[in-house]
Amino acid sequence: MNEALVEAVHNVFGRIDVLLIVVSAAVYGIFVGAIPGLTATMAVALFVPMAYWLDPVSAIAAIVTMVACAIFAGDLPTVFLRIPGTPASAAYADAAYRLTRKGLAEQVLGISLTCSVVGGIAGAIVLMLVGAQLAKVAKLFSVTEYLWLYVIGLNCAVLVSSGTERWKAVFSLLIGLLLSTVGLSAAHAEPRFTFGTTALYQGISFIPAMIGLFGLAEVFGNMASTSDSPRDDGRGSGSDDGGAANDPPVPHSLRQISRDACSNQLRRLKTASGRYSVSGLIGVLVGMLPGAGADIAAWVAFAAARRTKTSTDDDQDSLNAIADAATANSSALAGSWIPALVFGIPGDSVTAIVIGVLMMKNVTPGPSIFENQASLVFSIYLIFLLANLVMLPVGLLAIRLGGIIVRIRKQFLLPLIVLFCVTGAYALNSSLADVIIMLVMGLLGTALARGNFPAGPVVLGLILGSPLEERLMQALTAANGNPLGLFNRPLACALALVAAAMFLLALRSSVGFTRQTDADS
């Protein structure tokens, strides 16, 4: 093992080409993640042809670095424009943008960067120490456990809302679930709600839908607003409602964004290391479940943070929730490698591509890789650490450059946003149908914003609806149609109880809030 570790150190830190690839991949990941629609998965997919000419260590170094940086960079348009650059950012898009409108953009970005680095390193450490042991837990999951896991994920979309607004979150979630039924049924292979349009047979892709709900809806909201003041105030009026009518205030000094925010966040890490450890563990546990990934990890951590308020200041609670979500979605990246390395089962779409790259290099993931390719496994561990350390300086530069966005006047910024939205939607499948879907979802997002309905649950319902239906049909088929088959395993019963407890908690707090409001009135 010592020889394998020494060889891994040489392969990662002793080769200038690997270090250059890591830095280049970091810049590429930041660029891709900051453009709505160009996801981390797309960045890796575009990189695969280049991976053919690289050795396994260099190829993995590039993939790990670009994905880690792209996940963080997705927070840049989320904070400044309320457009999630990656699906993982959708969990806290509204909260982040509301804080930006209050002049707290530098704090949000500093929290996002430092927690992304901390979460990524924490996930790598867990991967190194207990990777094989945690993979055994994932092996216990059947379709029934996945069913209840998806139900818990849907409950999270409701729990992050408060008071009487919770029914609006449920309504938005139902819209997302309804949209997820469009296309060929995974259980019956029958087209549904396609209206004879072949482009809808594959369903509604959540990437164009997310761009429309968050990005284009923001443009429509600004176009409807009579306010057209330039973004050079530096102060801003920043209302608290999180709408699109007012511009987010410009940070007083772009040079101070990263320095002050990160120093503040380092002090936060010292006083709240325990909660971030929990968030990192949540990310690893969720990430190691095949199909879950950083998106669900962010939702779960954000919901958990919103339920455990630590202060009477709502802005402070929002910052804590964003910190937890950023920690979880970065640590989930390492967690998704656990089933990929141990069992050859992709934890998410990125690791599915990674498995293909490794097999292209005549490396077969599985239990034998820890014995036959020990130096490669150690190299992967070191690459995770290096990638997150490189993300810190590159991320600081990205934050400074990203702040320039808020100085652009609306008449120049809005067409640029539309251009990015159309490009991101079309680039996914090179299909005009995705652009039309984005436009329709933009109108839907505008209507939801007018009624103060959250858009995040729509995205979550759209993502989880199809696998939820598929797992439900598989579980019922295995139980010969008996609903009690959904509870025939102890782990399934435990997850079902967790889902029921979350539902009852949401119902109780909503009823209690309503009674308190009636009493106050």
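Residue by residue, here is whether (1) in contact with a strand residue (DSSP E or B) (Cβ under 8 Å, 6 or more places away or on another chain); (2) part of a helix (DSSP H, G or I); (3) surrounded by fewer than 19 Cβ atoms within 10 Å (Cβ to Cβ); (4) at pLDDT 80 or above holds:
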{"site": "Leu333", "(1), (2), (3), (4)": "no, yes, no, yes"}
{"site": "Gly347", "(1), (2), (3), (4)": "no, no, no, no"}
{"site": "Pro367", "(1), (2), (3), (4)": "no, no, yes, no"}
{"site": "Val390", "(1), (2), (3), (4)": "no, yes, no, yes"}
{"site": "Leu396", "(1), (2), (3), (4)": "no, yes, yes, yes"}
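For the range 176-202, residues that are in contact with a helix residue (DSSP H, G or I) (Cβ under 7 Å, 6 or more places away or on another chain) and at pLDDT 75 or above total 8. Restricting the range 175-219 to residues that are over 21 Å from Ala455 (Cβ atoms) and charged (D, E, K, R) leaves a set whose member that is surrounded by the most Cβ atoms within 10 Å (Cβ to Cβ) is Arg192. Listed conditions (1) of a type outside the set (S, T, N, Q); (2) surrounded by fewer than 23 Cβ atoms within 10 Å (Cβ to Cβ); (3) modelled with pLDDT under 85; (4) over 17 Å from the mean Cα position of the chain (by Cα) are all met by Ala105, apart from (2). In the range 70-90, the residues that are crowded, with 24+ Cβ neighbours inside 10 Å and modelled with pLDDT of 80 or more reach residues that are of a type in the set (S, T, N, Q) and not in a helix (DSSP H, G or I) with C-beta atoms within less than 6 angstrom, at least six apart or across chains, in these pairs: Ile71/Thr86; Gly74/Thr86. Residues that are among the small types (Gly, Ala, Ser), at pLDDT 75 or above and part of a helix (DSSP H, G or I) within the range 108-146 comprise Gly110, Ser112, Ser116, Gly119, Gly120, Ala122, Gly123, Ala124, listed in sequence order.
Filtered by the rule that a residue be surrounded by fewer than 18 Cβ atoms within 10 Å (Cβ to Cβ) and among the polar types (S, T, N, Q), the range 421-448 gives Thr423, Asn429, Ser430, Ser431.
Does the range 431-438 include one or more residues that are more than 20 Å from Thr198 (Cβ to Cβ) and assigned to a helix (DSSP H, G or I)? No, every residue in the range 431-438 fails to be more than 20 Å from Thr198 (Cβ to Cβ) and assigned to a helix (DSSP H, G or I).
For the range 458-482, a residue qualifies if it is in contact with a Leu (Cβ under 9 Å, 6 or more places away or on another chain), more than 16 Å from Leu149 (Cα to Cα) and in contact (Cβ under 8 Å) with a residue 40 or more places away in the chain, and the qualifying residues are Val458, Val459. Scanning the range 300-311 for residues that are part of a helix (DSSP H, G or I) and either within 16 Å of Ser112 (Cβ to Cβ) or at pLDDT below 65 (or both) returns Ala301, Phe302, Ala305.
The values are calculated or read from the model by the stated rules, or taken from the named source; none is laboratory data. Everything numeric here is computed off the predicted structure, so don't read it as measured data. Note that each Cβ is placed from the backbone with ideal geometry, even for glycine, and that neighbours are counted across all protein chains shown.
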